[in-house]
Amino acid sequence: MLSPDVARYLAIAGEFVRSRPAEHSVLLTVAEAIRAGGPATFGDVQPLFGWYVRDGGAVTAACVHTPPYPVALTAMPDPAAAALASTLAGTGRAVAAVGGPPGPAQAFAAAWQRQTGQPARVGRRERLYRLGELIPPDPAPAGQARVATGADIALLLAWLTAFRAEADPAGAPVHRAMVDERIGYGGLTVWETGDGPVSLAGRTRAVAGQARIGPVYTPPEHRGRGYGGAVTTAVSQQALAAGVAEVLLYTDLANPTSNALYQRLGYQPVTDRVQLRFGA
């Protein structure tokens, strides 16, 4: 079942999505952002929410699509993922990518290619981490954390655009409404020294006892000084102070530096997922 109505989605599939807050973090935080900020939070195309019920029973899988971002899948039977792809293709909906556990993502991609002729390629392989005991950098770098405000919007847009270009060049462009939504709840933090801001980290809204860290970005000229670890520690502490039971983050498995950093800070691997992109 598919619906653009986030309230209906949460009423029907919310219990299932909340049942595994770490693995379903993306679906939880996207729905919460749209519930709080409105349907245009992630772009101009109407978001779409989905859930899977077999033989009239309970919800056992879910998805969300906020173009131009990938379709996000939970674990689900491969035939259900393939049927979802066929349904979306049949409506003419533009899908740039799909992300989720490897099995369902690959089943979706295969069905999408059959329906549209668009081949899939691996965009990135990701690992989900959960914070154990937070271990702040020692020694800490110079500077301190500051929650970003509307006065920082030009800097935030520039840095988030630079992060996207570096981490996911084929990904969705930075959407001003999404940045405004994060500023609205204190979801972006900069690390600054006497020379001004030198690093940035974000965190999602707390929902279902979890919050997710990201993105984390340090401009090239400020790297190698510990600022990324310091600002990640700061937003991790903010999430803990908000009372969440699980602080999470995703890394690109192709980036050994970030994977090693987050493990030094106390983050532990949970599961892997893949993002498959369509077209040339």
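Can you tell which of R203, R225 is among the basic types (K, R) and under 26 Å from V244 (Cβ atoms)? If you could, list the steps in order and put the result at the bottom.
On the way: R225 fails: under 26 Å from V244 (Cβ atoms).
One residue alone meets the criteria, R203.
Evaluate the following for P101: is it out of contact with any helix residue (DSSP H, G or I) (no Cβ under 7 Å at 6 or more places or on another chain), surrounded by fewer than 19 Cβ atoms within 10 Å (Cβ to Cβ) and farther than 22 Å from V247 by Cβ? Taking the combined requirement at face value, the residue does not satisfy it. Looking at the stretch 104-118, which of the residues that are on the phi < 0 side of the Ramachandran plot and open to solvent by 40 Å² or more (accessible area, probe 1.4 Å) is nearest to the chain's Cα centre (by Cα)? Across the stretch 104-118, the extreme among qualifying residues is Q106.
Taking the stretch 63-73 as the range and being crowded, with 24+ Cβ neighbours inside 10 Å and within 12 Å of G100 (Cβ to Cβ) as the test, the residues that pass are C63, V64, H65, P70, V71, L73. For the stretch 108-149, residues that are in contact with a Ser or Thr (Cβ under 7 Å, 6 or more places away or on another chain), closer than 24 Å to T257 by Cα and assigned to a strand (DSSP E or B) total 6.
Are any of the residues in the stretch 150-173 part of a loop (DSSP other than H, G, I, E, B), open to solvent by 40 Å² or more (accessible area, probe 1.4 Å) and within 21 Å of A22 (Cα to Cα)? No, the stretch 150-173 contains no residue that is part of a loop (DSSP other than H, G, I, E, B), open to solvent by 40 Å² or more (accessible area, probe 1.4 Å) and within 21 Å of A22 (Cα to Cα). Scanning the stretch 119-149 for residues that are β-branched (V, I, T) and within 26 Å of G184 (Cβ to Cβ), we see that the one that is surrounded by the fewest Cβ atoms within 10 Å (Cβ to Cβ) is T149.
Yes or no, residue by residue, for (1) more than 19 Å from A120 (Cβ to Cβ); (2) in contact with a strand residue (DSSP E or B) (Cβ under 6 Å, 6 or more places away or on another chain):
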| site | (1), (2) |
| --- | --- |
| F49 | yes, yes |
| A58 | yes, no |
| Y69 | no, no |
| P102 | no, yes |
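Within the stretch 30-37, is even one residue among the hydrophobic types (A, V, I, L, M, F, W, C), under 20 Å from D168 (Cβ atoms) and modelled with pLDDT under 95? Break it down stepwise before answering.
Residues of the stretch 30-37 that are among the hydrophobic types (A, V, I, L, M, F, W, C), as a first pass: 30-31, 33-34, 36.
Now restrict to residues that are under 20 Å from D168 (Cβ atoms): 30, 33.
Imposing the further condition that a residue be modelled with pLDDT under 95 reduces the set to 33.
So far as the stretch 30-37 goes, yes, one or more of its residues are among the hydrophobic types (A, V, I, L, M, F, W, C), under 20 Å from D168 (Cβ atoms) and modelled with pLDDT under 95.
Any residue in the stretch 207-217 that is among the small types (G, A, S) and either part of a helix (DSSP H, G or I) or in contact with a Pro (Cβ under 7 Å, 6 or more places away or on another chain) (or both)? There is at least one residue in the stretch 207-217 that is among the small types (G, A, S) and either part of a helix (DSSP H, G or I) or in contact with a Pro (Cβ under 7 Å, 6 or more places away or on another chain) (or both). Of the residues making up the stretch 12-62, just one is open to solvent by 70 Å² or more (accessible area, probe 1.4 Å), of a type in the set (D, E) and in a helix (DSSP H, G or I), namely E15. How many residues does the stretch 224-280 contain that are in contact with a Leu (Cβ under 7 Å, 6 or more places away or on another chain), open to solvent by less than 10 Å² (accessible area, probe 1.4 Å), in contact (Cβ under 8 Å) with a residue 60 or more places away in the chain and under 26 Å from G123 (Cα atoms)? Qualifying residue count, the stretch 224-280: 4.
Could you pull out the residue among G90, G99, G57 that is closer than 18 Å to V30 by Cα and out of contact with any Phe, Trp or Tyr (no Cβ under 8 Å at 6 or more places or on another chain)?
Working: G90 fails: closer than 18 Å to V30 by Cα; G57 fails: closer than 18 Å to V30 by Cα.
On inspection, the qualifying residue turns out to be G99.
For the stretch 176-191, name all the residues that are open to solvent by 40 Å² or more (accessible area, probe 1.4 Å) and farther than 13 Å from I153 by Cβ. Across the stretch 176-191, the qualifying residue is only Y185. Of note, V95 satisfies the criterion of being modelled with pLDDT of 95 or more, buried (at least 18 other Cβ atoms within 10 Å of the Cβ), touching a Leu at 6+ places or on another chain (Cβ under 7 Å) and not in a helix (DSSP H, G or I).
The values are calculated or read from the model by the stated rules, or taken from the named source; none is laboratory data. Just so it is clear, the structure is predicted and the values come from calculations on it, not from any experiment. Ideal geometry is used to build each Cβ from the backbone, glycine not excepted, and the neighbour counts take in all protein chains shown. Heavy atoms of the whole protein, side chains included, go into the accessibility calculation; ligands, DNA and RNA do not. Shrake-Rupley method; radii C 1.70, N 1.55, O 1.52, S 1.80 Å.
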